[in-house]
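Working notes, beginning with the structure itself.
The values are calculated or read from the model by the stated rules, or taken from the named source; none is laboratory data. In this text the structure is predicted, and so the values were computed from the model without any measurement. With ideal geometry, Cβ positions are generated from the backbone for all residues, glycine too; neighbour counts draw on all protein chains shown.
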């Protein structure tokens, strides 16, 4: 065995099955109208990846196969997980994949547009399963060298309102390499709704993100692709219960991103195909990357942002507009337009129904949104509790002070869509359903950029020192 040299980080990871029993309502599509799951096609899982530096900096990502996690649920999960493994509560990031074939009972308080579906027992069970998995983490901590890389999967998703519209096709990945040169855990992200499967699907499924996660994990389990201090010898660590590395998926700026124009069908095999494309891009990025051997700091910063809500039309005007959009949808369906165009017409009508509900219920003038940013060396992730449009996400990445920045939605809460000016002008579904106008979206984007800048200042207060080279 080669002499073990100092690693910059430690990692621990675990995967836990979260799949509810059959017979409970699925969440994600209005047109399901409360229908219940008949069985599980594939498991809904939670993936925990805990990363620590040598100065007690840490982050614990939790990726869940869920439509979303409201702020109350995210707080309960973060508290329970931190108590179970001993990490700081503010280091825990609760991230939903946004699959539309998960449990409606996990979600509370989506607003007047949607019926209340929260199931207290189901929510408590979710927290308990995740905290049970977290109890395994301290015993799994192992030295690691991170690979920070980026790939592309342009054929796996796209702008769902306009095939030529903006979409971030990049795949971000962090892979933790152990002393044997194997992957002990990974986190990856891509921006596209978990909606390969349609409203007629009544089976629990993680949709394409689950397929991507399983494919990437299975591929990495067969490889020891890097030469490390103990390469060629069996790994001392069992990354997860079934011997495959835990891979956590984080959903990107997917407010206007989905498989709508790239999917060949709305089937499980198509979810596997598109998930495989994303997994392939992530795998290639890892294998083309180089493990970092310099000292790295892991830093997390949080903030609360007050965002002004939109001006709402009066109820009569909202209903008039909804009637117009319903007529347009029915006409498109009668004309036999292609499925993507029919879906756009239908969702515009659905968005108008949500706007009517908002107009009837009213909104507070301001909503406070929890945001977070993470840095691992020169790489950053900014986490937002919204469905962010691609134009905002791309601008954030371009303006970030970090060389590499990933924009993640559906984290630590859920307050719906943040649509850009073009979407509001065109009256698309996401704009009608949003609590915010473009000015509110810009306030949120500016606050996220300010947080990244503050994080960069904090991360640069100590210069990283070179470690002995652990890689041949």
(request) Identify all residues within the stretch 333-355 that are farther than 19 Å from residue 198 by Cα and surrounded by fewer than 21 Cβ atoms within 10 Å (Cβ to Cβ); write none if there are none. (result) 334, 335, 353
(message) So, in the stretch 394-428, how many residues would count as being touching a strand residue (DSSP E or B) at 6+ places or on another chain (Cβ under 8 Å) and part of a loop (DSSP other than H, G, I, E, B)?
(response) 10
(message) Let me confirm something: among 156, 179, which residue is more than 19 Å from the chain's Cα centre (by Cα) and either assigned to a loop (DSSP other than H, G, I, E, B) or over 23 Å from residue 9 (Cα atoms) (or both)?
(response) 179
(request) Could you run through the stretch 443-472 and say how many residues are modelled with pLDDT under 85 and assigned to a helix (DSSP H, G or I)? (result) 1
(message) Is it the case, given these coordinates, that residue 134 is farther than 30 Å from residue 360 by Cα and assigned by TED's automatic domain parsing to the domain that holds residue 22?
(response) yes
(request) Name, by its number, the condition in (1) over 15 Å from the mean Cα position of the chain (by Cα); (2) surrounded by fewer than 24 Cβ atoms within 10 Å (Cβ to Cβ); (3) over 22 Å from residue 183 (Cβ atoms); (4) touching a residue at least 12 places away in the same chain (Cβ under 8 Å) that does not hold for residue 43. (result) (3)
(request) Would you check which residues across the stretch 108-124 are more than 22 Å from the chain's Cα centre (by Cα) and assigned to a loop (DSSP other than H, G, I, E, B) and list them? (result) 112, 113, 115, 116, 119
(request) Would you check if there is a residue in the stretch 78-95 being within 18 Å of the chain's Cα centre (by Cα), buried (at least 20 other Cβ atoms within 10 Å of the Cβ) and assigned to a loop (DSSP other than H, G, I, E, B)? (result) no
(request) Search the stretch 102-121 for residues being touching a helix residue (DSSP H, G or I) at 6+ places or on another chain (Cβ under 6 Å) and surrounded by fewer than 19 Cβ atoms within 10 Å (Cβ to Cβ), and hand back the single one that is farthest from residue 69 (Cα to Cα). (result) 112
(message) Could you check the stretch 308-360 and list, in sequence order, the residues that are in contact (Cβ under 8 Å) with a residue 60 or more places away in the chain and not in a helix (DSSP H, G or I)?
(response) 308, 309, 310, 311
(message) Please pick out the residue among 69, 80 that is in the same structural domain as residue 413 (by TED's automatic domain parsing), closer than 29 Å to residue 142 by Cα and either free of Cβ contacts under 8 Å to residues at least 24 places away in the same chain or in contact with a helix residue (DSSP H, G or I) (Cβ under 8 Å, 6 or more places away or on another chain) (or both).
(response) 80
(request) Say whether the condition of being touching a strand residue (DSSP E or B) at 6+ places or on another chain (Cβ under 8 Å), at pLDDT 90 or above and at positive phi is met by at least one residue in the stretch 324-347. (result) no
(message) Cβ contacts < 6 Å: first residue at positive phi, restricted to the stretch 200-214; second residue in a helix (DSSP H, G or I) and at pLDDT 95 or above, any location; separation 6+ or different chain. Result?
(response) 207/271
(message) Being part of a loop (DSSP other than H, G, I, E, B), under 13 Å from residue 171 (Cα atoms) and within 19 Å of the chain's Cα centre (by Cα) is the requirement here; does residue 253 meet it?
(response) yes
(message) in a strand (DSSP E or B), modelled with pLDDT of 95 or more and assigned by TED's automatic domain parsing to the domain that holds residue 72: which single residue out of 305, 374, 290 fits that description?
(response) 374
(request) Kindly provide the set of residues from the stretch 14-27 that are out of contact with any helix residue (DSSP H, G or I) (no Cβ under 7 Å at 6 or more places or on another chain) and surrounded by 19 or more Cβ atoms within 10 Å (Cβ to Cβ), ordered by number. (result) 15, 19
